[in-house]
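The block underneath contains the structure these notes are about, expressed in structure tokens.
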Amino acid sequence: MKNYIILLISAFLFSCGGPQGIIISEEDKATFERNYKAFEKHHLGGIINNDMDLFLELYSDTLKWSGPNNYGDTYQTKADLAAAAELYMNIFTDFSFDPGGVGPDNTGAYWGGSLYSDKGEQTTDPSGVRIYGIWSATHKESGAPIKLKFYIIQQFNEAGKVVMLNEWFDVSSYENQVQEYLEKNS
């Protein structure tokens with residue numbers, strides 16, 4: 001009987017949204033999916049298809065961007081992001097993106113909300129999307145294949161535009177990969 005009561009209590013807790021009582025609404029699920037699908041369509045699609053207009057459609061005109069080389073307290077603009085994307089499109093070709101790809105089980109690429117926080121706060125907010133993956137491309141000048149681990153956080157507004165973008169990847173690692181390729185193939 002005691003085990004039966006424990007089982008009933010456990011079932012009740014998990015049916016109410018889990019041990020923390022967090023309930024994820026269907027609206028939040030739909031918003032989260034809309035946001036990461038917009039990333040796939042515009043950010044990935046724009047880079048892979050070398051289509052700057054498609055790429056920039058995702059980003060608000062008031063975008064605050066913290067690129068991989070930005071370590072200060074200031075943010076860059078949508079125009080700065082466009083210039084950086086154009087630079088990469090001019091240096092590389094044959095872009096592809098492996099979503100997730102950061103662990104042996106490739107457990108997912110898109111994450112939103114947070115169950116755990118060092119601040120002790122939980123949220124189901126779908127407007128902040130964390131994205132993991134690996135970019136692959138070919139260096140145009142040398143023909144070297146390159147890969148870059150990629151992590152970003154995008155903050156979407158209610159119109160579905162990204163208003164804050166933080167990116168992390170090792171910009172210099174492609175130079176090392178090109179150098180290794182040239183040494184092996186010379």
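The values are calculated or read from the model by the stated rules, or taken from the named source; none is laboratory data. Everything quoted here is computed from the prediction, not taken from an experiment. All Cβ positions, even for glycine, are placed from backbone atoms using ideal geometry, and neighbour counts span all protein chains on display.
Brief remarks on what is shown
- Matching residues, segment 23-49, being surrounded by 13 or more Cβ atoms within 10 Å (Cβ to Cβ) and of a type in the set (A, V, I, L, M, F, W, C): Ile24, Phe32, Ala38, Phe39, Leu44, Ile47, Ile48
- The set of residues from segment 157-175 being in contact with a Leu (Cβ under 8 Å, 6 or more places away or on another chain) and of a type outside the set (S, T, N, Q) comprises Lys161, Val162, Val163, Met164, Leu165, Phe169, Asp170, Tyr174.
- Qualifying residue in segment 62-79 (condition: within 17 Å of Ile134 (Cα to Cα), in contact (Cβ under 8 Å) with a residue 12 or more places away in the chain, among the β-branched types (Val, Ile, Thr) and touching a Phe, Trp or Tyr at 6+ places or on another chain (Cβ under 8 Å)): no
- Screening the candidates Gly120, Gly108, Gly143 for the property of being closer than 18 Å to Tyr36 by Cα and not β-branched (Val, Ile, Thr) yields one hit, Gly108.
- Looking only at segment 164-179, residues that are at pLDDT 95 or above and touching a Phe, Trp or Tyr at 6+ places or on another chain (Cβ under 7 Å) come to 1 in all.
Matching residues to (1) at pLDDT 95 or above; (2) among the hydrophobic types (A, V, I, L, M, F, W, C):
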| site | (1), (2) |
| --- | --- |
| Lys2 | no, no |
| Ile5 | no, yes |
| Leu13 | no, yes |
| Gly18 | no, no |
| Leu54 | yes, yes |
| Leu63 | yes, yes |
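- With respect to the stated conditions, Ile91 fails to be crowded, with 17+ Cβ neighbours inside 10 Å, under 27 Å from Ala137 (Cα atoms) and modelled with pLDDT of 95 or more.
- Scan of segment 93-131 for residues that are touching a residue at least 60 places away in the same chain (Cβ under 8 Å) and more than 19 Å from Phe156 (Cβ to Cβ), ordered by number: Leu115, Gln122
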